[in-house]
Amino acid sequence: MRTPIIAGNWKLNKTVDEALALANDLKGQLSDLNDVEIVIAPPFTALAPLAATLTDSPIVLAGQNCYPAEGAYTGEISPALLRDVGCRAVIIGHSERRQLFAEQDDFINQKVKAALAAGLKVIFCIGETLTERNENLTFEVLEKQIRMGLSGLDSAAMTRLTVAYEPVWAIGTGQTASNEQAQEAHHFIRGLLSQLFDRSTAEATRILYGGSVKPDNIDGLMHQADIDGALVGGASLKVGDFIRIARFKRS
């Protein structure tokens, strides 16, 4: 059985005080949840304070991005520095990094390898645009992103990596992929992982859905055979919404 993951990507939101308030609410109200892994990814400025407040909590602290090297890279953050400040995971390849900052698959692959080498777990994001879906290129796009983004990894490395399928056309738009669309993509991803690695690795890898996840659609998504959790954006900023998502109904 794959342990579900509910991850909150706070993006460029929350001051330190606001982040602490939200984290403490989650810490208190999810303390009894022991069969779902909770991850939160606040802005960089809030990482150190949240690491301190979450020391006695199972909530996993994650960075939203990283750079695959250290040195003269003004404005960037390395995996080693994320780990030093208290992160245990990092989001890599998010659609906003791909779309807004023109990150390419080979660069994302460098990030994945650097993060794993630094001892971080990775949430590796993939997904197609609306144009690509309308042109029936979804599977072609996903295969390219996976093959290039995971190039050079072995089955051992995959034990520390989670895939997040996030159709770009559903992120922040309020338009969610149907349960059937999401399951179809997740099933394809798991099949491709089986080809690239082996069946046991594919079966063990957790695949999350991301794209306008809300309290009113999480139950249907989580009933799908190949969906192992959610990467939540806007709803992760509202304590009540995120708690309801984390406590999705299993039947």
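A Cβ-based charge dipole, computed about the Cα centre of the range 161-251 with Lys and Arg at +1 and Asp and Glu at -1, lands at about 320 debye. Computed over Cα pairs, the Kirkwood radius of the range 86-150 leads via Stokes-Einstein (1.567 mPa s, 4 °C) to a diffusion coefficient of 105 µm² per second.
In this label model, THR159 and SER31 are separated by 3.2 nm, measuring between points 7 Å along each Cα→Cβ vector.
Here the range 21-170 is assigned +1 on the Cβ of each Lys and Arg and -1 on the Cβ of each Asp and Glu. Its dipole about the Cα centre then comes out at about 300 debye.
Computed over the Cα atoms of the chain, the ratio of the radius of gyration to the Kirkwood radius (Rg/Rh) comes to 0.93. The stretch between ARG247 and SER200, if pulled fully straight at 0.36 nm per residue, gains 14.1 nm over its current Cα-Cα span. Given +1 at the Cβ of Lys and Arg, -1 at the Cβ of Asp and Glu and no other charges, the dipole of the chain around its Cα centre is 340 debye to the nearest 20. Estimated purely from DSSP H runs of n ≥ 4, each contributing -39500 (n - 2.57), the mean residue ellipticity at 222 nm for the chain is -11500 deg cm²/dmol once divided by its residues. Modelled this way, with points 7 Å down the Cα-to-C-beta line, the labels at THR3 and LEU137 are 3.9 nm from one another.
Read the figures in this text as sums done on the coordinates, not as results from a lab. As the structure is a prediction and not an experimental result, all values here were calculated from the model. Cβ: placed from backbone, ideal geometry, glycine included. Neighbour counts: every protein chain shown.
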